[in-house]
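Reading through the structure tokens given below for one structure.
Quick note: the coordinates plus some simple rules give every number you see, no bench work behind them. Keep in mind that this is a model prediction, so the values were computed, not measured. Cβ atoms come from the backbone with ideal geometry, glycine included; neighbour counts cover every protein chain shown.
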Amino acid sequence: MKPRTIKTALAATAFFGLAVTGMALAEPVDDKLIIEGEEIKTIAEPSAHLDGALPELVSGWHYRDTETRAMQMDDFDNPGMIFVDRGLDIWNAADGTEDKSCASCHEGPESMAGLRAVTPRVDAKTGDVMNIEGYINDCRTTRMGAEAWNLKGDPMTDVLALISLQSRGELMNVAIDGPAAPVYEMGKEIYYTRYGQLELSCANCHEDNNGNHIRSDHLSQGHTNGFPVYRLKQAALLTAQHRFVGCVRDTRAETFGLGSDELNALELYVASRGNGLAVEGVSVRH
Ligand code: HEC
Ligand code: HEC
């Protein structure tokens, strides 16, 4: 065995220590996510492009404990909904040298219905890889004469939550063909690359070990249909890319920047792995 392989095996064993010392692989909980009387699809058939990598798509919601799952089933208990309200205030507030609000051009937030399910995508007009944050900052800088928002700051995550909620229940359907094909390939390569001192790839944790426990966490398949996520541990809303950065840091690696080509490609790829699962709007995780 080459030394590198031994190191990897040791690091991985240490990381998955709990699982190795007998913490049994726990199945995701068999439950139904029903919000306001509407059933949200949290289990789906994997798309053909996954090539059998996952036998079944399971939303991260199923891996959380009873209390956390319950919070997401009731909009009054879902702490993320407070940010949606804040997002609506921001949506209606004029800003920038043009003195325009989002509402000046887009009317109500319901005009954004469906967008969350098909993004990230390669924009048909510009050819750029766009997630919702990218569209928002584009409107702020080029159409409102306002400054771009910090990609993980409050106004951005608030408005992102508002826009995502408009697609709650719609099935993720991110395009991977045509102009998206090279982006998909780039994201896929990043997904399977081992990073950091622990030499772990996204796939090592979310594909090979979902169902196992890491420290106190029950590892999910790492889908993004729930984003933005209200994370109880951080008492804040997280974007998908913010979550990726946290995961990469856990492997003790340098991370890519929010909004970088790499993270945009990774976000498109990861979203496409979840095609068929429903947008959860603002989900709750710990
Ligand atoms: C001056 C008018 C204007 C303002 C103000 C504006 N936008 Fe836009 N926005 C547009 C136009 C035009 C497009 C492109 C639509 C297209 O290409 O179909 C767009 C596109 C978008 C998109 C992509 C939608 C899609 O379906 O492709 C999002 C998301 C968005 N805007 C969000 C916002 C948010 C949030 C704000 C406020 C912070 C805002 N916009 C402010 C004019 C505006
Ligand atoms: C060392 C293991 C590990 C690695 C490597 C890792 N993650 Fe994670 N990830 C976790 C843990 C633990 C959580 C929290 C529990 C869960 O939802 O799986 C998590 C959560 C997530 C979530 C949130 C899922 C949800 O439903 O809320 C996403 C998305 C995600 N990871 C994507 C990635 C991506 C993309 C990569 C590669 C850049 C990656 N992860 C690498 C351990 C890892």
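Table for the structure above
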| read-out | value |
| --- | --- |
| The range 80-165: relative contact order as a whole-number percent, Cα under 8 Å and 6+ apart | 41 |
| For the range 132-146, Karplus couplings with θ = phi - 60° (6.51, -1.76, 1.60), whole Hz, Gly/Pro x | 5, 4, x, 4, 4, 5, 5, 5, 5, 7, 9, 10, 10, x, 10 |
| Segment residue 286-residue 77, length gained on full extension (0.36 nm per residue, minus Cα span) | 73.8 nm |
| Relative contact order %, the range 196-242, counting alpha carbon pairs below 8 Å whose residues are six or more apart | 21 |
| Dipole magnitude of the range 82-209, debye to nearest 20 (Cβ charges: Lys/Arg +1, Asp/Glu -1, about Cα centre) | 100 |
| Integer Hz, Karplus 6.51/-1.76/1.60 couplings in order for the range 238-243, x for Gly and Pro | 10, 7, 4, 5, 4, 5 |
| Crossing angle, helix 154-165 versus the chain [Cα axis fit, 0-90 degrees, rounded to tens] | 90 |
| Karplus 3J(HN,Hα) series, Hz, for the range 210-218 with 6.51 cos²θ - 1.76 cosθ + 1.60 (x for Gly, Pro) | 5, x, 7, 9, 10, 6, 9, 9, 8 |
| Positive-pole candidate from 101, 201, 129, dipole of the chain, charges at beta carbon | 201 |
| Relative contact order (%) - the chain, alpha-carbon pairs under 8 angstrom, separation at least six | 27 |
| Ordering of 237-244, 103-110, 211-218 by burial proxy (mean other Cβ atoms within 10 Å per residue, highest first) | 237-244, 211-218, 103-110 |
| Theoretical gain in end-to-end length, residue 125 to residue 143 [0.36 nm per residue, Cα-Cα removed] | 4.9 nm |
| Taking 47, 111 and counting other C-beta atoms within 10 Å, the order from fewest to most | 111, 47 |
| Dimensionless Rg over Rh [the range 80-165; C-alpha; Kirkwood] | 0.94 |
| Residues of the range 199-218 with amide N under 19 Å of the 7 Å Cα→Cβ point at residue 65 | 211-218 |
| Rounded, prolate or oblate (a/c below 1.5 giving rounded, otherwise prolate when a/b exceeds b/c) for the range 194-286 by Cα gyration tensor | rounded |
| Inter-label distance for residue 113 and residue 193, nm, one decimal - labels placed 7 Å from Cα along Cα-to-Cβ | 4.1 |
| Lys, Arg +1 and Asp, Glu -1 on Cβ, resulting dipole of the chain about Cα centre, debye, nearest 20 | 1060 |
| In degrees, nearest ten, helix 261-273 long axis to first principal axis of the chain (Cα) | 80 |
| Cα point-scatterer Debye curve for the chain, base-10 log of I(q)/I(0) at q = 0.14, 0.15 Å⁻¹ | -1.03, -1.18 |
| Taking 262, 254 and counting other C-beta atoms within 10 Å, the order from fewest to most | 254, 262 |
